[in-house]
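Quick notes on the structure that follows.
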Amino acid sequence: MSDMKMAAKAAGLFATYDVPDFFCELLNRKDIPPAGLQQVRDRLACFDLAELRRRAAAVEAQFYRLGITFTVYSDREAIDRVLPFDVIPRVLTAPEWDHVERGVQQRVRAINLFLHDIYHERRILRDGVIPASLVLGNANYCQAMVGIDVPGGVYVHINGTDLVRDRDGRFLVLEDNARTPSGVSYVLEDRQMMLRLMPDLASGLDLRPVDEYGPRLHRALAEVAPAGVDDPQVVLLSPGIYNAAYFEHVFLAREMGIPLVEGRDLIVEDGRVYMCTVAGLQPVHSIYRRLNDDFLDPQVFNPDSLLGVPGLVDAYRRGNVTLANAIGTGVADDKAVYAYMPRIIRYYLDEEPILTNVETHICAEPEGLAYTLANLEHLVVKPVGESGGYGLLIGPHATQAELEDFRGRLRADPANYISQPVISLSVSPTLCPAGVEARHVDLRPFAVTGRDTWVLPGGLSRVALRKGSLVVNSSQGGGAKDTWVLAS
Amino acid sequence: MTQVSVFPTPVLPGLRNLLSRYAESTMWLARYMERIENMARLIEVTGTSVHASNMDAGWDSVIRINADEDTFFLRHKVATERTVVEFYIIDPDNPDSIVSMARCVRENARVLRPLISTEMWMHLNVFTRWAMDLGPDDVGASYLSTLCTRLKQECQTHFGITEGTLYRDQAWLFYLLGKNLERADQITRVIDIKYHTLLPSGEGVGSDIDLSQWTSVLRSAAAYHAFRRVLPEGMTPANIVGFLLKNDGFPRSLSSSLRCVYSVLGSLAGEYRLRHCGPILERVEELRVTLAEQTVDDIILRGLHEYMDWIQRELRLIQNEIAGAFWPPVALQVAGNGRTQ
């Protein structure tokens, strides 16, 4: 194909693409586009819209047949939904990924040191780096964890860091997910699907593979098994086939080659955990649990839980079984604690944070409060308490009366609030009903920690499919894209 | 120098024993798929033979084979093609209907999804969604044969995918147990009920009607052509019963199913060193002996119905004993010191 024809075609697919004044992952890098990226762009431009739609329809049909779905429950029925998938990949360059990877590793290291500290010596509280009440009074702080030593000091074995990019393409941490982050199965399945149905787009490109995730996770979980166990039995504990994320549990168990168990398959005897097999009870050493803290053990937490295993926490306290993630990690991904994360990183590692937080003003501090009050109409104000998300103020969308009302609340209880600027999230070209249009995206890289921390190249790119929307959650019109990390 | 081990290699390297819940689900997955196939075949054959002979009694026998007289006649006054077909294909409140069984298949397949091959799951995913959605529009008399053929073929596709892709370990053996116990149960039910329709009723002896009934009995067990090949001239009630019960070459005969159950239990006890197989093996062996040692004439003379009834009771006991041995209630596992290592 001649250059002229190519150019004409390119104009075809992206002709109507309206590059907004955001950072566009593919078409507005605000700099000279890197070579690998340029290639993806040129190849994409050769597709016509009809062909792209045919591929997209084939992808969706495949996902449905494969049962790569999440389950939504109505009154009578369980409906399997396919997570909307956009066939235009989101591409990261090698230097970008290097930056993200190092930043995520640093953050995970700090989070694990922080969790060990607050369940042992509490140095960081004594040194006044973070208010003790914020940590010890946190709903996710778990008394049962005080004084427990976890293998290797690893609390967060699987971590998801939600990142966004601002108008200049700078990566910012929006949120840490240190409990049971989900979505990694889509990363692997989406890649499979792309290679199968868009082979002409990917062929010959030097992309970082993602299929190492299962073996890496299995190895990490084996590494943190109780000391003295040669060939540890790792299992994945799922709430069962009716859980909305059951597909992901199946996927991970399969990728790791381990049994997917439910609470009723496990039993604790003399402080040890066993699973019920056709040959009788067999010991279990490491549990990747996809069950929230509250449901793990009816003897310690929610007594009505039928999903958990009575005596599990006792076995855990005795060091006979490892839980991944540990119990009580929720305190580290709390909104209030998030604001202190840069200071937590400096405190434990004596390093500057590689990935910065979204600029956050802590209203508990006088200068934070003053700034927030003075700039309220430009800020998002979030309550930090247990009620996360509830009582949010989006300054630019608020009326004068609402702003005034909120100023009163801030003055009355400043410690309950943080404020952040409104971020102009980056966009990525996305196949929409009207053609290829810009949609906002975020990125959730997954970090696996055993003896060291490995980050899956790329991660889950979620896309807000509604025009102008900043909400990428699947429950609110979000979809996913394959994330390509260029190897060079 | 060659190493000679005294004991056979106990298990495949790296083998982990199968989770009890998986074993149970594997068995039921196979049983339900086998049951759907048999049900579809029975309905199709009944539909065809009733049309051919213009008799009504056929539909009634479907209900009797499944021992559903009570539930069926609570819902319907008479056994017509329409009522029976609705009851056994699309009635969601009848646990023996194909939509209900497809639902059970789906549940078990979801449980087993971490274990079974992707190809198995993908087929079951699509098949069960389709089967669970069957409605009144799908079961009209003119489509019935096509529908039943598709159902049978879906089941056979499943068995083929499973044969070709399921890893051969304990799960495969529990799958075979389920499939063959179900076949044994089905064949005895068909013989028990259908035998009466084979018997001469005064003036009808040797007439065309008899022959077509006999043919339909064979067809409802997918045995017609095999029987013709083995006994081209021998279409008698006793020969038909003998073939379905005792022919070792026919894959759906009682003796073939029991032989497979016996050898699978032997593998579980031998290769996999699973305990508690002994008493179950003995029970299966006793069934096989009673079958081998009697001629079909003896069986009929002593009472075919009583014998079929006894076999079905024994099959239920075998199922229960398998459950007790391999997926006992948790409390019993602990009490029974079932721990290994």
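Rule-based calculations on the coordinates, nothing more; no lab input. Please read all numbers here as calculations on a predicted model, not as lab measurements. Quick reminder, even Gly has a Cβ in these numbers, built from the backbone with ideal geometry, and neighbours come from all protein chains shown.
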Quick one: in the range A:475-488, of everything that is among the small types (Gly, Ala, Ser) and surrounded by fewer than 17 Cβ atoms within 10 Å (Cβ to Cβ), which residue is farthest from A:Val87 (Cα to Cα)? A:Ser488
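Would you list the helices (runs of 4 or more DSSP H) that sit entirely within the range A:237-354 and hold 3 or more residues that are within 14 Å of chain B (Cβ to nearest Cβ) and either crowded, with 20+ Cβ neighbours inside 10 Å or polar (S, T, N, Q) (or both)?
A:246-256
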Candidates B:Glu321, B:Glu314, B:Glu293, filtered to the one that is more than 14 Å from every other protein chain (Cβ to nearest Cβ), surrounded by 12 or more Cβ atoms within 10 Å (Cβ to Cβ), among the acidic types (Asp, Glu) and out of contact with any Phe, Trp or Tyr (no Cβ under 8 Å at 6 or more places or on another chain): B:Glu314
Among (1) assigned to a helix (DSSP H, G or I); (2) touching a residue at least 12 places away in the same chain (Cβ under 8 Å), the one test that A:Ala50 misses: (2)
If you go through A:Gly395, A:Gly468, A:Gly458, A:Gly391, the only one that is over 26 Å from the mean Cα position of the chain (by Cα) and not acidic (Asp, Glu) is A:Gly395
All positions within the range A:431-465 that are of a type in the set (Lys, Arg) and either surrounded by 15 or more Cβ atoms within 10 Å (Cβ to Cβ) or free of Cβ contacts under 8 Å to residues at least 12 places away in the same chain (or both): A:Arg439, A:Arg444, A:Arg462
Which residue pairs have Cβ atoms under 7 Å apart, sit 6 or more places apart or on different chains, and have a first residue in the range B:16-45 that is over 15 Å from B:Asp169 (Cβ atoms) and a second that is assigned to a loop (DSSP other than H, G, I, E, B)? B:Arg21/B:Trp327; B:Glu24/B:Trp327; B:Arg41/B:Ala222
Would you confirm whether or not the range A:420-441 contains a residue that is in contact with a Gly (Cβ under 6 Å, 6 or more places away or on another chain), not in a strand (DSSP E or B) and not small (Gly, Ala, Ser)? no
Determine if the range A:168-187 includes at least one residue that is within 13 Å of another protein chain (Cβ to nearest Cβ) and surrounded by 20 or more Cβ atoms within 10 Å (Cβ to Cβ). yes
B:Ile116 is checked against (1) among the hydrophobic types (A, V, I, L, M, F, W, C); (2) surrounded by 22 or more Cβ atoms within 10 Å (Cβ to Cβ); (3) over 21 Å from B:Arg183 (Cα atoms); (4) more than 14 Å from chain A (Cβ to nearest Cβ) and fails just one. What number does that condition carry? (4)
Identify, from the list B:Met101, B:Met132, B:Met120, the residue that is in contact with a Leu (Cβ under 9 Å, 6 or more places away or on another chain), among the hydrophobic types (A, V, I, L, M, F, W, C) and within 30 Å of B:Trp172 (Cβ to Cβ). B:Met120
Within the range B:119-132, is even one residue aliphatic (A, V, I, L, M), farther than 30 Å from A:Ile258 by Cα and within 12 Å of chain A (Cβ to nearest Cβ)? yes
Failed item in (1) in contact (Cβ under 8 Å) with a residue 24 or more places away in the chain; (2) outside any helix (DSSP H, G or I), with B:Ala131 passing the rest: (2)
Give me the helices (runs of 4 or more DSSP H) completely within the range A:59-168, filtered to those with at least 3 residues that are within 25 Å of A:Cys24 (Cα to Cα) and under 21 Å from the mean Cα position of the chain (by Cα), ordered by residue number. A:94-118
Kindly indicate whether A:Leu221 is more than 9 Å from chain B (Cβ to nearest Cβ) and either touching a strand residue (DSSP E or B) at 6+ places or on another chain (Cβ under 7 Å) or more than 30 Å from A:Gln39 (Cα to Cα) (or both). yes
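I want to confirm something. Restricting to the range B:82-113 and keeping residues that are β-branched (Val, Ile, Thr), under 20 Å from B:Arg150 (Cβ atoms) and within 14 Å of another protein chain (Cβ to nearest Cβ), which single residue is surrounded by the fewest Cβ atoms within 10 Å (Cβ to Cβ)? Break it down into steps so the answer makes sense when it comes.
Pass one, the range B:82-113, residues β-branched (Val, Ile, Thr): B:83-85, B:89-90, B:98-99, B:105, B:111.
Add one more test, that the residue is under 20 Å from B:Arg150 (Cβ atoms), and what stays is B:84-85, B:89-90, B:98-99, B:105.
Okay, now just the ones that are also within 14 Å of another protein chain (Cβ to nearest Cβ), so B:99, B:105.
Working: B:Val99: 19, B:Val105: 26.
Across the range B:82-113, the extreme among qualifying residues is B:Val99.
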Within the range A:391-399, can one find any residue that is assigned to a helix (DSSP H, G or I), touching a strand residue (DSSP E or B) at 6+ places or on another chain (Cβ under 9 Å) and in contact (Cβ under 8 Å) with a residue 12 or more places away in the chain? yes
